[in-house]
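The values are calculated or read from the model by the stated rules, or taken from the named source; none is laboratory data. Treat the numbers as computed from the prediction; the structure is a model and nothing was measured. Cβ: placed from backbone, ideal geometry, glycine included. Neighbour counts: every protein chain shown.
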Amino acid sequence: MIKIKLYKNILSVALLAVATLFSGTAAAKYVPYKGSAAAEKAIEATEKSAEKFTEDHSAQALEHVAVAATHGKVGHAGVLTEHAKVALEHAQAAEQVLEGEAKAHLAEAVTHLNEAIKHGNMDHADVATEHVNEAIAHIKASIGE
């Protein structure tokens, strides 16, 4: 029973191949697939959403690091640390999708944010504020400001 089904499948494939050869469709010119307009729009939308994702995270990082700097100037090391941690999360998220010089600036901002958090935990508001200010400069550079 199984052999009969197998032979029928082989026979139908062979007949299809013969019919294709005689009809001339196998000798037709190859035309590469260029993609549909819908696929191109989907790709474009994905690129835009990735760009918006980066902008959102960079903006959030910049907002929190600015608040951290404000609190650091008045000696609030604990509040500086909390905002630096949130800024660090956003900066790391944005860094993952960036490339080139922007990514390098965000990597440097992440380094300074880690240092700010370390010094903020030690209640060194002045040193932490210096690192936060460096992070601000690098985040602004990564977004082109």
(request) State yes or no: is VAL79 farther than 15 Å from ASP123 by Cα and either outside any helix (DSSP H, G or I) or modelled with pLDDT of 85 or more (or both)? (result) no
(message) Against the definition (within 16 Å of ALA137 (Cβ to Cβ) and modelled with pLDDT of 80 or more), how does ALA104 come out, yes or no?
(response) yes
(message) Anything in the range 105-121 that is in contact with an Asp or Glu (Cβ under 7 Å, 6 or more places away or on another chain) and of a type in the set (A, V, I, L, M, F, W, C)? List them, or say none.
(response) LEU106, ALA107, VAL110
(request) Answer yes or no as to whether LYS140 is part of a helix (DSSP H, G or I), modelled with pLDDT of 90 or more and touching a helix residue (DSSP H, G or I) at 6+ places or on another chain (Cβ under 8 Å). (result) yes
(request) Kindly check whether there is at least one residue in the range 129-136 that is of a type outside the set (Val, Ile, Thr), surrounded by 23 or more Cβ atoms within 10 Å (Cβ to Cβ), in contact (Cβ under 8 Å) with a residue 12 or more places away in the chain and in a helix (DSSP H, G or I). (result) yes
(message) Restricting to the range 55-81, give me the number of residues that are small (Gly, Ala, Ser) and in contact with a His (Cβ under 6 Å, 6 or more places away or on another chain).
(response) 2
